[in-house]
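Notes for the one structure printed next.
The values are calculated or read from the model by the stated rules, or taken from the named source; none is laboratory data. These figures come from a predicted structure and were not determined experimentally. We place every Cβ from the backbone using ideal geometry, glycine too, and count neighbours over all the protein chains shown.
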Amino acid sequence: MNCRHLDTPRHRPHHRPPTARAAPARAPGTAKEAATEPFWIALAVGLIVQGYKGFMVFFRTGRWNMRRFVETGGMPSSHSASVAALSTAVGLWHGFSNGLFAVTLYFSLVVMYDAAGLRRAAGRQAMVLNRLIDRHFHEPERDTQKLMELLGHTPFEVLIGALLGAGTAILWYRVHHP
């Protein structure tokens with residue numbers, strides 16, 4: 001028996017997987033760009049939403065809080081906006097029956113559940129611990145920092161983030177891919 005042929009098929013497969021289909025003719029260099037376009041849209045949406053939260057703090061208080069540009073929590077959820085934009089864009093570009101869409105949708109649901117559930121609970125626990133320290137320790141250590149309380153999101157903040165992300169991806173697709 002010749003071992004050389006064990007790992008190579010003797011005939012060509014009868015069909016190609018959905019991702020291996022020949023792409024329509026495009027200008028040189030655009031196929032790679034189109035393949036990563038959902039990623040770039042998701043990244044841009046996340047950065048825009050997070051930037052919005054940083055600027056809103058400035059408009060409300062008149063002072064810059066640079067931490068707000070990178071902190072989690074608050075309205076709307078930038079994580080939810082990013083993953084919803086990613087899932088929607090993958091569905092629009094590759095098809096909603098594609099396995100890649102199913103994977104990104106599952107990932108998106110896990111991220112949104114985490115934002116509204118687990119991280120929100122951790123933020124509530126941080127709030128309770130900060131109150132306990134303030135009430136029961138007359139002179140806490142000077143180096144002690146308060147725990148970050150704004151970690152998660154309410155379900156409404158997650159919903160608004162998801163709607164912003166999905167809406168942005170749909171709008172982008174309709175404008176740039178008529």
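Things worth noting here:
- Output for the stretch 54-111, where each listed residue is in a loop (DSSP other than H, G, I, E, B) and under 11 Å from the mean Cα position of the chain (by Cα): SER77
Residue-wise test of (1) at pLDDT 90 or above; (2) on the phi < 0 side of the Ramachandran plot.
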{"position": "ALA31", "(1), (2)": "no, yes"}
{"position": "PRO38", "(1), (2)": "yes, yes"}
{"position": "ALA44", "(1), (2)": "yes, yes"}
{"position": "ARG63", "(1), (2)": "no, yes"}
{"position": "GLY73", "(1), (2)": "no, no"}
{"position": "SER77", "(1), (2)": "no, yes"}
{"position": "ALA84", "(1), (2)": "yes, yes"}
{"position": "HIS94", "(1), (2)": "yes, yes"}
{"position": "VAL110", "(1), (2)": "yes, yes"}
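- Answer residue from the stretch 46-61, given it is touching a helix residue (DSSP H, G or I) at 6+ places or on another chain (Cβ under 7 Å) and hydrophobic (A, V, I, L, M, F, W, C) and is modelled with the lowest pLDDT among those: VAL57
- Qualifying positions in the stretch 89-104 - surrounded by fewer than 18 Cβ atoms within 10 Å (Cβ to Cβ) and among the hydrophobic types (A, V, I, L, M, F, W, C): PHE96, LEU100, ALA102, VAL103
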